[in-house]
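The values are calculated or read from the model by the stated rules, or taken from the named source; none is laboratory data. Note that the structure is a prediction, hence the values are computed from the model and not measured. Positions of Cβ are backbone-derived with ideal geometry, glycine not excepted, and every protein chain shown enters the neighbour counts. The accessibility values were calculated without ligands, DNA or RNA, using every heavy atom of the protein model including side chains. Shrake-Rupley method; radii C 1.70, N 1.55, O 1.52, S 1.80 Å.
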Amino acid sequence: MGFQKPPGTQDILPGQSEYWQAVESKARDICRRFRFSEVRTPIFEATELFKRGVGEATDIVEKEMYTFEDRGQRSMTLRPEGTAGVVRSYVENKLFGEPDVSKLYYIGPMFRYERAQAGRYRQFHQFGVEAIGSSDPALDAEVIALGYTFYRELGLTGVTVDLNSVGTPEVRAIYREKLLAFLIPIKDTLCKDCQTRMERNPIRVLDCKVDQDKFTNAPSILDSLDEECETHFARVRECLDEMGIPYNVNSRLVRGLDYYTHTAFEYKAQGIGAIDTIGGGGRYNGLVAEIGGDDKPGVGLGLGLERTLILLESQGIKPDTGNAADVYVVALGERAERALPALLQRLRMAGIAAERDYLGRKTKAQFKAAERSGARLSAVLGDDELDRGEISLRLTSNGQQLQSVKLADLSNEIQNYLTTDNEKGKNNS
């Protein structure tokens, strides 16, 4: 019996992985411009970290975590989200001692035992950022703008930002009573999950996908905000307006994690089946202290890379992978064939993406392979050319011969042609 990948996982194959690399490259470039630095944390952590950080009453902790006991009888969990691990690293490595705000980003796999469907996997990948050390609402707006810029520069359209304030624990305690007063009379009409959430965390009821139509007249948390929360939320909106980032205020927006305070937001888009949320985040004042550090405020986001790629495909957008070969070298004759390894090594050391045939194909089949490689140029080397120390350059697309060049000059000639051709492309666009 053959082996298959586990349910809810995927093999990212050549032809797909290049798009992943392009999306990840865009994320890294934007983080460079926003001055976030990469952090890489373990894929598994102590289970208690997620119970304390994410919240024991959340679906993630109660139903979705991959938890196991290691050989030292310690309870460990594959990370279901990125923030708790980054905050743990921030505390353990004493990044709070730095004079500036710690601005960190991560890219990597997360794990949740969920029902697999389009855009939802049991091993999925997130790009996330965390800014720790300031309660300035302008930082909330900057994080929101970073995510919006990521989607926009990938070429996606129709991405919107939903924005809400979930207040402070004190505000939520007041709102909890108002919400329960609304929910208790309709409790018997709600789904089982909602009835359970009412007992433990009533605000999570508003995230239910089954009973949304029953919450139309539910009280708004925005009506329970105190002056501090109102001021913070107003300044976030003001900053977004000044930065030209469009958003919708959605007073029923709640996130599936307990650590959020003040700002909460999600990015929405159509094109992933029943799912429309492609990323989100918020402020988490109090989380650093909960995990054992000094009480430092923070704000962050997590964006689903699978959902981003599905959305790109649905909109017919193919990120520029830059993965095509620059030149395909065709050998005609045994001596030319023997000369290829050293020739390709010189080209590659000069920064040129070079490819050749390894299957003993005839000349015509080698030119077909050159087309498949995406190389703009083909370099044809025969035994006669080898004797003269020359090689013939052609356009792969139509076979047009450009020139014969000295083998010693081949790298420079290829680079000159590619540079000139790229400039022509820019001028014609």
Within region 164-210, take every residue that is assigned to a loop (DSSP other than H, G, I, E, B) and open to solvent by 80 Å² or more (accessible area, probe 1.4 Å) and give me the one that is farthest from Asp258 (Cα to Cα). Val210
Return a yes/no flag: does region 281-295 have any residue that is under 23 Å from Thr157 (Cα atoms), in contact (Cβ under 8 Å) with a residue 12 or more places away in the chain and crowded, with 24+ Cβ neighbours inside 10 Å. yes
Looking at Arg361, Arg335, Arg348, which is the one that is assigned to a helix (DSSP H, G or I) and at pLDDT below 95? Arg335
Selected residue (criterion: surrounded by the fewest Cβ atoms within 10 Å (Cβ to Cβ)) from residues of region 216-238 that are in contact with a Phe, Trp or Tyr (Cβ under 6 Å, 6 or more places away or on another chain) and among the aliphatic types (A, V, I, L, M): Ala218
Residues that are free of Cβ contacts under 8 Å to residues at least 40 places away in the same chain and in a loop (DSSP other than H, G, I, E, B), drawn from region 364-393: Gly389
Please find, within region 239-250, the residue that is farthest from Thr160 (Cα to Cα) out of those that are touching a residue at least 12 places away in the same chain (Cβ under 8 Å) and open to solvent by 40 Å² or more (accessible area, probe 1.4 Å). Met243
Confirm whether Tyr151 is open to solvent by less than 70 Å² (accessible area, probe 1.4 Å), among the aromatic types (Phe, Trp, Tyr) and over 16 Å from Val254 (Cβ atoms). yes
Please determine whether any residue of region 160-179 is among the hydroxyl-bearing types (Ser, Thr, Tyr) and over 22 Å from Cys229 (Cβ atoms). yes
Being surrounded by fewer than 24 Cβ atoms within 10 Å (Cβ to Cβ) and at negative phi is the filter here, so list the residues in region 265-279 that pass it. Glu266, Lys268, Ala269, Gln270, Ile272, Ala274, Ile275, Asp276, Thr277
